[in-house]
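Just so it is clear, none of the values below were taken in a lab; they were calculated from the coordinates. Source: prediction; values computed, not measured. Note that we place each Cβ from the backbone using ideal geometry, even for glycine, and neighbour counts take in every protein chain shown.
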Amino acid sequence: MNYAAAFVLSVVVVILIVDKIFMPKHAKRAWQMMAFAYSFAIIFALFPGILTSIAEVLGIGRGVDVIIYCLSFILIREIFISRSRQNSSERQMTILTRQFAIFNAQLINPKSQS
C-alpha cells in the first residue's frame, strides 16, 4: 500500500466514523448508502488496477476519468431530482397557504359563507 492509498483509506474511515457519530438515528439508510459508496473508494484506492481495467474495457483511458464521468452523471441526476423536489414543495406550500387563507377568512367573516 502506498501513501496515497493509506491517506484515502484513513480519510474515508474518519469520515464514516464522524458521520456515524453525528448523523441522526433516523438517517441509518443514508449512512448505509454512504458506507457502500465509500467502500468503492477504499477498494479503488487499495487496488487501482481494477479501475484502470474498467476504464480500458469502456474505452475511456484512465481510471480517474471513469470516476469523473460517474460523478458527473450522479451530480446531474441530483440536480434534476433536487429541482423536482423543490417544485413539489413550492406547489404544496402554495396549496397550504391558500387553504390557510380561506380558513382564516371563514373564521373572521362567517356570515359571508354560501
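Within the span defined as region 47-59, every residue fails to be under 19 Å from the mean Cα position of the chain (by Cα) and surrounded by 14 or more Cβ atoms within 10 Å (Cβ to Cβ). Within region 69-107, the set of residues being within 26 Å of Met34 (Cα to Cα) and surrounded by 11 or more Cβ atoms within 10 Å (Cβ to Cβ) comprises Tyr69, Cys70, Ile74. Only residues that are under 21 Å from Asn2 (Cα atoms) and without any contact (Cβ under 8 Å) to a residue 24 or more places away in the chain: list them for region 18-53, please. Within region 18-53, Ser39, Phe40, Ile43, Phe44, Phe47, Gly49, Ile50, Leu51, Thr52, Ser53 meet the criteria.
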